[in-house]
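Taking it in order: structure first as structure tokens, then the write-up.
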Amino acid sequence: MFIHIEDLKKDFILGKKPIHILKGINLDIEQGEMVALLGPSGSGKSTFLNVLGGLVPPTSGLVKIKDFEISKMNENELCLFRREHLGFIFQSYNLIPTMKAIENVALALTFAGVKKDKRLSRAKEALSIVGLADRIDHKPNELSGGQQQRVSIARALVNSPEIILADEPTGNLDSKTSEDIMEMITKLNRESNQTFVIVTHDPEAAQYCTKVIHMKDGVIERTINQ
Amino acid sequence: MNKQELLLLAWENLWRMKFRTILTIIGVVIGTASIIVMVSIGSGAQKSIVGELSNIGSITTLQVYPDLSSMGVSGISGGKKDADKIILNDDAIDDLKRIDGVMAATPVISLSDVTMETGRDEYSVSLMGLDYKALDDMRYGTTDGKKPNANEESSVILGQEVLSTFSYSSGAASVETTEILPADLIGKRINLVVSRTNEAGEEEYRTEKVKVTGVLEATGGSEDYSIIASDQLVNDLNEWKTGIKINFDKNGYSEVLVTVEDSSVVTTVTAEIEAMDFTVFSMQQILDSMGSVFGMLQILLGGIGGVALLVACIGIVNTMTMSIYERTREIGIMKVIGASINDIRDMFIAESTMIGFIGGGIGVIISVLISLLINLIAGLALGGESVTISYITPGLVIFALIFSALVGMLSGVRPAIKAANLSSLDAIRSE
């Protein structure tokens with residue numbers, strides 16, 4: 001199994017009382033699937049995605065991606081893992097405002113130790129995949145929300161990760177732009193067999209996915225394959 | 001992430017916040033420049049004073065005297081102590097010559113209150129009697145003319161200052177016209193006149209005609225104010241004047257000059273001669289004690305300059321800490337897209353080290369300019385002479401560069417660790 005999650009629990013300590021955010025999640029995801037995590041706010045879907053991406057350590061349970069048990073990795077191992085296997089897309093894009101689009105995309109490769117000319121050519125390539133070949137020298141504040149999100153998708157793609165985790169990728173976009181973005185993600189998923197896990201509260205966006213997981217109160221309510 | 005990429009990234013990061021980077025660098029520039037300029041003034045003073053002393057070449061000459069302290073004691077404890085006293089005679093000189101590194105040891109016979117007549121003028125001078133056979137080993141140089149040969153016992157060398165300092169004019173002409181240079185006397189014959197009072201209470205004069213063969217290079221010692229003559233001549237004049245024949249073997253010489261191979265053996269030879277119970281005086285001893293005084297002066301001046309660098313250091317810490325708050329989100333993003341804890345830490349340390357190093361580099365350039373300016377202005381104030389008030393040694397430049405980079409690096413450590421330990425998730429959520 002590509003992604004294997006077993007009895008995943010996550011508590012946050014608020015004051016003295018632990019709050020159970022994830023209450024025992026079991027899930028398997030195949031390579032090349034495009035999974036939507038759907039649920040109301042507070043359902044734990046974002047926390048689940050963050051645990052999956054190694055940004056938050058689980059309280060207990062097993063999270064295994066390929067042969068890596070990321071629930072047992074330390075922070076440096078997680079960094080290396082993210083660098084090689086994961087790409088992230090955020091609701092608020094998370095681009096570095098002082099860097100041009102191409103620099104933002106190339107930054108992901110900098111830490112992987114890719115040489116500068118190669119970095120720039122790969123960043124350019126990734127930006128042209130998302131249709132921004134003519135915007136590479138623009139800074140984030142010179143781009144529209146949809147364009148910024150495409151830059152962030154390009155950044156997630158640039159190191160050719162097997163898994164891309166997206167947290168509300170269309171959350172800040174209007175419906176037309178949201179459609180464009182989801183179509184682009186679908187296309188990438190089909191063409192490059194990358195696995196996508198997308199957190200959303202937008203049922204429209206979930207329609208693009210091959211599997212929709214409904215979460216509520218820290219557990220999986222139901223899973224629909226479509 | 002390799003080091004080169006890291007430095008490049010740090011460099012780019014610095015220029016993304018140009019204004020603050022430049023301000024912080026200016027702080028380091030001022031700090032470094034004030035240290036360098038301060039220390040350079042200390043070095044300048046040292047260079048001009050020590051330089052004046054050591055340039056004159058007498059650093060390899062040691063003056064050896066009979067043990068002066070025990071002479072004082074012998075008077076109190078009577079003749080017994082006198083018998084133990086080591087006499088500075090020819091046997092002792094042979095012992096001195098056997099010390100490793102000693103090239104020559106020759107007694108000096110001095111005679112003061114001698115009148116020198118150049119034909120028109122008279123000067124009161126001292127004679128320094130040396131063994132001419134040892135002259136070549138003694139490293140006395142001449143600025144004009146040459147040293148007399150071993151057999152030219154009636155030839156003399158004039159000290160640099162022999163005419164200027166103790167001169168007086170006997171003729172009616174003004175000072176300017178009677179003032180002649182020692183070099184003008186080369187090849188000429190001069191009279192050395194010694195006087196004594198005989199038993200009848202009458203003044204008697206003895207005149208020796210000698211030939212000037214050269215002018216001695218300045219040594220900084222008593223030679224500059226003396227005429228160097230052969231030991232026999234001076235001894236003859238001395239015996240005639242005092243009426244006493246000195247037995248040097250029994251009474252010893254009052255002074256022996258020891259010439260050593262080079263300045264590196266001065267200290268060891270000095271120690272060995274002192275172990276023989278003689279008193280040694282050398283330029284090296286003065287230079288040593290001056291060296292420690294100037295060392296302290298430089299530390300003091302450097303410390304004053306260091307206050308400015310300390311302020312700059314606080315500036316770096318401030319800039320880097322502010323930078324973390326400002327770039328928290330950026331740090332979070334970098335960690336999410338694959339920067340390791342070490343990458344973030346090294347990146348911040350590299351940034352602050354660069355601030356230190358660049359500031360240090362510019363500080364060096366500026367302090368060189370300031371140093372030139374100080375010397376120029378001081379030169380003009382002293383009437384167009386070239387003076388060294390401020391002297392920047394290569395060592396000082398290297399020290400300043402390393403020190404400023406180190407200060408930058410250390411200033412960055414704490415902010416860098418703080419940045420590296422930020423939780424990536426919290427960081428990207430921050431605004």
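Since every read-out is calculated from the coordinates, none of them should be taken as a lab result. Everything numeric in this text was worked out from a predicted model, so none of it was measured. Quick reminder, even Gly has a Cβ in these numbers, built from the backbone with ideal geometry, and neighbours come from all protein chains shown.
Observations on the structure shown:
- Checking the cross-link pairs B:Lys133/B:Lys188; A:Lys66/A:Lys216; A:Lys187/A:Lys211 against a 19 Å limit on the alpha carbon distance flags B:Lys133/B:Lys188; A:Lys66/A:Lys216 as lying beyond it.
- By the Kirkwood approach, averaging reciprocal distances over each pair of separate Cα atoms, the range A:156-226 gets a hydrodynamic radius of 12.9 Å.
- On Cα atoms only, tilt of A:116-129 relative to the major axis of chain A in degrees: 80 degrees
- For B:Lys241, the aspartates and glutamates whose Cα comes closer than 16 Å to its Cα, not counting residues fewer than 8 places off in the same chain, are B:Asp113, B:Glu199, B:Glu202, B:Glu203, B:Glu204, B:Glu208, B:Asp231.
- Neighbour counting of Cβ atoms within 10 Å sorts the residues A:Asp180, A:Asp202, fewest neighbours leading, into A:Asp180, A:Asp202.
- Residue-wise HN-Hα coupling along the range B:125-142, computed from phi with Karplus coefficients 6.51, -1.76, 1.60 (Hz; x: Gly, Pro): 9, 10, 9, 10, x, 10, 6, 5, 5, 8, 4, 5, 7, 8, 6, 7, x, 10
- Square roots of 5 times each gyration tensor eigenvalue, C-alpha, the range A:55-116, largest first, Å: 27, 15, 9
- Looking at chain A alone, DSSP beta bridges between its own residues are antiparallel in about 55 percent of cases.
- Scanning residues 5 or more positions from B:Ala104 or on other chains, those with amide H under 5 Å from its amide H are B:Thr259, with H placed 1.01 Å from N in the peptide plane.
- Taken along its principal axes, the alpha carbon cloud of the range B:232-361 reaches lengths of 102, 27, 23 Å, longest axis first.
- Computed from backbone phi with θ = phi - 60° and the Karplus coefficients 6.51, -1.76 and 1.60, the 3J(HN,Hα) list for the range A:74-85 is 8, 4, 5, 5, 5, 4, 4, 5, 4, 4, 9, 10 Hz; x is used for glycine and proline.
- For the protein assembly as shown, the alpha carbon convex hull comes to 259 Å³ per residue, rounded to a whole number.
- Its DSSP H runs of at least 4 residues, each contributing -39,500 (n - 2.57), put the calculated 222 nm mean residue ellipticity of chain A at -10500 deg cm²/dmol, to the nearest 500.
- Spatial offset of the range A:87-111 relative to the range B:3-27 amounts to 19 Å, using the alpha carbon center of each.
- Computed over the range A:10-120, Kirkwood Rh from alpha-carbon pairs, angstrom: 16.4 Å
- Sum of side-chain charges, B:Tyr205 neighbourhood, beta-carbon under 13 Å (Lys, Arg +1; Asp, Glu -1): -4
- Listed peptides A:53-59, A:103-109 by packing density, highest first (mean Cβ within 10 Å): A:103-109, A:53-59
- If you take the Cα centroid of the range B:275-320 and the Cα centroid of the range A:17-52, the two points sit 66 Å apart.
- The phi-based Karplus calculation (6.51 cos²θ - 1.76 cosθ + 1.60; θ = phi - 60°) puts the 3J(HN,Hα) values of the range B:143-154 at 7, 9, x, 9, 7, x, 6, 4, 9, 8, 6, 9 Hz, whole numbers, x for Gly and Pro.
- Backbone N within the range B:243-278 under 18 Å of label point (7 Å from B:Thr197 Cα along the Cβ vector): B:243-244
- The ranking of A:Cys209, B:Cys313 by Cβ neighbour count inside 10 Å, starting from the fewest, reads B:Cys313, A:Cys209.
- Here the scattering of chain B is modelled by Debye summation over its C-alpha atoms, one equal scatterer each and no solvent; at q = 0.09, 0.14 Å⁻¹ the log10 of I(q)/I(0) is -0.75, -1.20.
- Within chain B, the selection of entire DSSP H helices by a Cα span of 30 Å or greater along the long axis and an average Kyte-Doolittle value of at least 0.0 returns B:18-55, B:283-326, B:341-381, B:394-420.
- With Cα atoms defining each centre, the range B:363-428 and the range B:104-165 are spaced 52 Å apart in the structure.
- Once C-alpha pairs closer than 8 Å and six or more residues apart are averaged by separation and normalised to the residue number of chain A, the relative contact order reads 29 percent.
- Amide H within-cut-off set for B:Ser124, under 5 Å, with H built and near neighbours excluded: B:Met116, B:Tyr168
- The H on the amide N of A:Ile25, modeled in the peptide plane, is under 5 Å from the matching H of A:Asp7, A:Leu8, A:Lys9, each at least 5 residues off or on a different chain.
- The range A:41-180: Rg to Rh, with Rh as the Kirkwood radius over Cα pairs: 0.99
- Segment B:Glu261-B:Leu7, extension gain: residue separation times 0.36 nm, minus the distance between their alpha carbons: 86.3 nm
- Residues of type lysines that A:Lys100 reaches as a straight line, Cα spacing below 21 Å, ignoring anything fewer than 8 places off in the same chain: A:Lys115, A:Lys116, A:Lys118, A:Lys124, A:Lys139, B:Lys18, B:Lys335
- Only helices enter the 222 nm calculation for chain B: every DSSP H run of n ≥ 4 contributes -39,500 (n - 2.57), and dividing by all residues gives -18000 deg cm²/dmol, rounded to 500.
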